[in-house]
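Chemist: The structure that follows is given in the form of structure tokens.
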Amino acid sequence: MAKDDGGLQPGREPDRIDAAQAALNRMREAAAARGEIRRAAPGKATPKRKGLRDTRGFSQFHGNGRDPLGLGKVVGRLVAERGWTSPVAVGSVMAEWDALVGPEISAHCTPESFTDTTLHVRCDSTAWATQLRLLNSSLLEMFRKELGEGVVTAIHVLAPTAPNWRKGGRSVNGRGPRDTYG
């Protein structure tokens, strides 16, 4: 059974402990216990080739997850690990509506909300609501190709809103604007 020296350096007296060196030794032991291999840094004794960039120090760490990554890759990995692919796809439907359906449809129809896998779209006229209902299957197929299977499974077309004469937070029950016409 090995004697636990608390991270002491060989040949050092217990009363003269170097705390930083003892912490480093403990970290090295923990890394060795995890199976990590300590590699020597490339020395300056190796001759450099002119005109070529020396990437040995960088390329030796590829594949172990310690290299710096771009923001897109980090966010993509986070989304995949957390299972946020569907909410992100829903956000892309709302944000990229113009690009997904085209300028003609987006000028008259806007996405309002998303419930489970149903997209609620409000049109500015009944004619456009009818047109969107007719395009329902082709839009669903396009969403399936662009966003993935099961993100948008139904499109609920909402009728245009009627004019509203309510002003402010409070209102009085009654006939509305017709009561002043005679």
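Chemist: Among the residues that make up segment 118-137, is at least one of them within 30 Å of Val74 (Cα to Cα), part of a strand (DSSP E or B), polar (S, T, N, Q) and modelled with pLDDT of 85 or more?
Modeler: Scanning segment 118-137, I find at least one residue that is within 30 Å of Val74 (Cα to Cα), part of a strand (DSSP E or B), polar (S, T, N, Q) and modelled with pLDDT of 85 or more, so the answer is yes.
Chemist: If Leu158 satisfies all but one of (1) open to solvent by 70 Å² or more (accessible area, probe 1.4 Å); (2) within 15 Å of Cys109 (Cβ to Cβ); (3) in contact with an Asp or Glu (Cβ under 9 Å, 6 or more places away or on another chain), what's the number of the condition it fails?
Modeler: Just one mismatch for Leu158, condition (1).
Listed here are the residues, each with its yes/no results for (1) closer than 30 Å to Phe143 by Cα; (2) in contact with an Asp or Glu (Cβ under 6 Å, 6 or more places away or on another chain); (3) surrounded by 11 or more Cβ atoms within 10 Å (Cβ to Cβ); (4) modelled with pLDDT under 60.
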site	(1), (2), (3), (4)
Leu24	no, no, yes, no
Arg34	no, no, no, no
Pro42	no, no, yes, no
Pro47	no, no, no, yes
Arg66	no, no, no, no
Val75	yes, no, yes, no
Arg82	yes, no, no, no
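Chemist: Pick from segment 107-134 the residues that are open to solvent by 40 Å² or more (accessible area, probe 1.4 Å), of a type in the set (A, V, I, L, M, F, W, C) and over 30 Å from the mean Cα position of the chain (by Cα): which of them is farthest from Gly150 (Cα to Cα)?
Modeler: Ala127
The values are calculated or read from the model by the stated rules, or taken from the named source; none is laboratory data. Note that the structure is a prediction, hence the values are computed from the model and not measured. All Cβ positions, even for glycine, are placed from backbone atoms using ideal geometry, and neighbour counts span all protein chains on display. Areas reflect the complete protein model, heavy atoms only, side chains present, ligands, DNA and RNA absent. Shrake-Rupley method; radii C 1.70, N 1.55, O 1.52, S 1.80 Å.
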